[in-house]
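Below is one structure; the comments refer to it alone.
Derivation of every value follows stated rules applied to the coordinates shown; laboratory data play no part. Owing to the predicted nature of the structure, the values given are computational and were not obtained by experimental measurement. Cβ atoms come from the backbone with ideal geometry, glycine included; neighbour counts cover every protein chain shown.
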Amino acid sequence: MEPELRTYLESSLTPAANIVGSALDRFVPHLADRVITVNARIRSHLISMGFDPDDVVTANPLADVPKNVHTRPPGHRNRRLTAVYVGNTDNYQGLDELLAAMRMLKPGTRGRLQLDLVVCGDTFRISNKIATYELADLVRIVEHGSFEDAWDHTTSADFAIVPRHSPGGIPIKLINALAASLPVLADRQIAVDLFDGEEALLVDMRDPPSITRGIERMVTDDLLRKRLSAGATNAVKRLYSKEGYLAIIENVYSRLPSKWVRHI
């Protein structure tokens, strides 16, 4: 909770959120016989706090994919490649760094790319950034709409950008982009389970020049995008499959004291 709780609060409350989150991290897991974490980083953190590694397991969440959704082929909007971000506009999502990176793209890349920000929530700050950085020809804000609409935008893109660099929580945007078999540009600290250059292209999302270099590679290297698309599909099978998830959960319950298992 410590790295995650503060992302939902005003910056002035960060110190208090860190204290509360740290206290919850130290106290709550000790109430359980087994602990299931949603990513490997949290598991490592708990083990460093003294938990028995055998009592802490990671169960990666499943992709949240709608059924029976009509999708359009990539590049349907124009001859430019389309990159997509889907999510909210909160500060911790890393959109400020992404827009700073977009303004540093080479002219040739700018002419070949369009970034769609498929967002919900207040867009005033982001709209101002786009205007200040003179990115109106390159970046457009798209209303999120329904989950199915957002998924349609995702699957219609040529590649996805997941700019979040704040640790903690569930990287559902990353998982869904992989489930759509999209080449993904993501932060190396968030996508710790993925093979760089094979399942995703990993950069430092805190560093705009690093993001710019990653985008340049995505736009100019067709073979890279093709390889990452295939790698995304493999990553979902390897890390986020229903079968793998159920196997982990069943193993956890099988090791619980019998007095608890009878009531499950």
Relative contact order %, the chain, counting alpha carbon pairs below 8 Å whose residues are six or more apart: 20 percent
Assigned charges on the beta-carbon of Lys, Arg, Asp, Glu; the chain dipole about Cα centre (debye): 520 debye
Spin-label pair Asn128/Gln189, simplified geometry with 7 Å Cα→Cβ offset, distance in nm: 2.6 nm
Backbone N under 18 Å from the Ala32 label point (7 Å along Cα→Cβ), restricted to region 238-258: 245-258
Among (1) 132; (2) 194; (3) 143, the entry that matches volume of the Cα convex hull per residue in Å³ as calculated here: (3)
Two-site FRET efficiency, Val142 against Asp90, from Cβ-Cβ distance with R₀ of 22 Å, rounded to 0.05: 0.80
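Between Ile248 and Ile19, take the C-beta separation as r, use R0 = 41 Å, and let me know the FRET efficiency to the nearest 0.05.
Taking R0 as 41 Å, the efficiency between Ile248 and Ile19 is 0.80.
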Zone residues, region 156-196, relative to Arg112, backbone N less than 15 Å from point 7 Å out along Cα-to-Cβ: 158-159
Region 81-237: relative contact order as a whole-number percent, Cα under 8 Å and 6+ apart: 27 percent
In region 133-167, GluC sites (Glu not before Pro) in a DSSP loop with at most 13 other beta-carbon atoms within 10 Å: Glu134
Relative packing of peptides 51-61, 207-217 - highest average C-beta neighbours within 10 Å first: 207-217, 51-61
Inter-label distance for Leu256 and Cys120, nm, one decimal - labels placed 7 Å from Cα along Cα-to-Cβ: 3.1 nm
